[in-house]
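Report on one structure; see the data block that follows.
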Amino acid sequence: MKAESIPAYAASAAPLPTTADERNDLSRYYPHRNLWKGLGLMTLIAFGLALIFNAGEHPVWSEQFLVTFAYNFFYTTGLWLVNGYPSEWLNRHVDWTRHPIRRFLLTIGLSMVLSLLVIVVVAGGFRVFYHHKTLGSLSWLEFIMPLLITVVVSLFMHSRAFLMGWRETAIRAERLQTENARAQADSLRRQLDPHFLFNSLNALTSLVEQHDPARASRFIRQLSQVYRYVLDHQDQELVPLTEELAFAESYLFLQRTRLGEGVQVEMRLPPAPELQELLVPPLALQLLLENALKHNATSRHNPLRLVIEFDAETRQLVVRNSRLPRLVAEGESTGLGLPNLQARYAFLTPKPVLITESETEFAVTLPVLELR
């Protein structure tokens, strides 16, 4: 292709997909995350096109060859940049999977406008500074073919990125189901563990022997609610925060009945109506409470202090406990509870589960999801 004409190609008008092994980030399909690698690729493409369009007419490194190379380089680089970086920006603001039509229209519209701008700037620049002609000598007919090819190739490449992103979403969903099934099975196993039932029945026996039918009756109801909650929610990915908190209260009632003044609980929560549309993974709160009770000693003179609070500003649920470390028997703890919880959250939200600890306190911050 000669330098006076506009190159009728636009393979570089869209970013080139690479791997789909990064979660929820379509921008990673594009090589321009490594700018130098992208510029090197554009240089090779421009050089190859210059060889093709000057074959048999102008020797390599002649003025005409270099002008044609520069012409193609500015086109490929310009079209690559204006299609790649805006796509990366769109990936952060308009999700393919949630708003496919809106994203499709924005992608094509932005690609056409910015690509046309590149074509005008490059063609006009060469027309004025190299050919010493006026911008008025440009004809709109010169832009039709390269712009159409740009749109077609851009549509193909962005559609491929969309399909790869959709495939990755499906893979994440399958992984989430696997993680949920594993975590739920583990939670169910812990809740139905003979030691938990044995301890609960011992506590119930003590209430009966103390001739306290009211507390014994309430203990039975709370124990029933704990088991029912686990069985009813084992197949769900998210549950209302209000239900999880109600379950936690039942679970803590059982533990406080068994441990007496060895456990002190403080709940700093807003009124229930303010929590209606908030969601968390089922048994997330129970896992944190269980860990606190499992890894810390409890006594009347030095009780374990648990605090459950909701930060309305950051939309986070924080569970704190004082640190009174005790030796855990072999096999009593697998060490997988918190990693599994973090993995479940990683598939639900980019917000992380934060774990902070000091010599006197251990705290876990859970992001709270909202209905939309």
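The figures follow:
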item	result
From phi via Karplus (6.51, -1.76, 1.60), per-residue ³J(HN,Hα) for segment 360-368 in Hz, x at Gly/Pro	10, 8, 10, 9, 10, 10, 9, x, 10
Heavy atoms of Phe73 accessible to a 1.4 Å probe, total area in Å² rounded to 10	50 Å²
Heavy atoms of Thr77: accessible area, 1.4 Å probe, square angstrom to 10	20 Å²
Å² per residue, accessible surface of segment 194-370 at 1.4 Å	53 Å²
Accessible surface of Lys294 - all protein chains present, 1.4 Å probe, nearest 10 Å²	30 Å²
Carbon plus sulfur fraction of accessible area for segment 194-370, probe 1.4 Å, in percent	51 percent
Global size of segment 233-372 as Cα Rg and Dmax, reported in angstrom	14.9, 47
Exposure rank, largest accessible area first [Val368, Val82; 1.4 Å]	Val82, Val368
Cα-centre dipole for segment 194-370 with unit charges at Cβ (Lys and Arg positive, Asp and Glu negative), debye to 20	480 debye
Phe247, Phe126, reordered so the largest accessible area comes first (probe 1.4 Å)	Phe126, Phe247
Sequence of Val263, Val328 when ordered by accessible area, the most exposed leading, probe 1.4 angstrom	Val328, Val263
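The values are calculated or read from the model by the stated rules, or taken from the named source; none is laboratory data. Fair warning: this is a prediction, and the values are worked out from it, not measured in the lab. Quick reminder, even Gly has a Cβ in these numbers, built from the backbone with ideal geometry, and neighbours come from all protein chains shown. Ligands, DNA and RNA are excluded from the accessible area calculation, which covers all protein heavy atoms including side chains. Shrake-Rupley method; radii C 1.70, N 1.55, O 1.52, S 1.80 Å.
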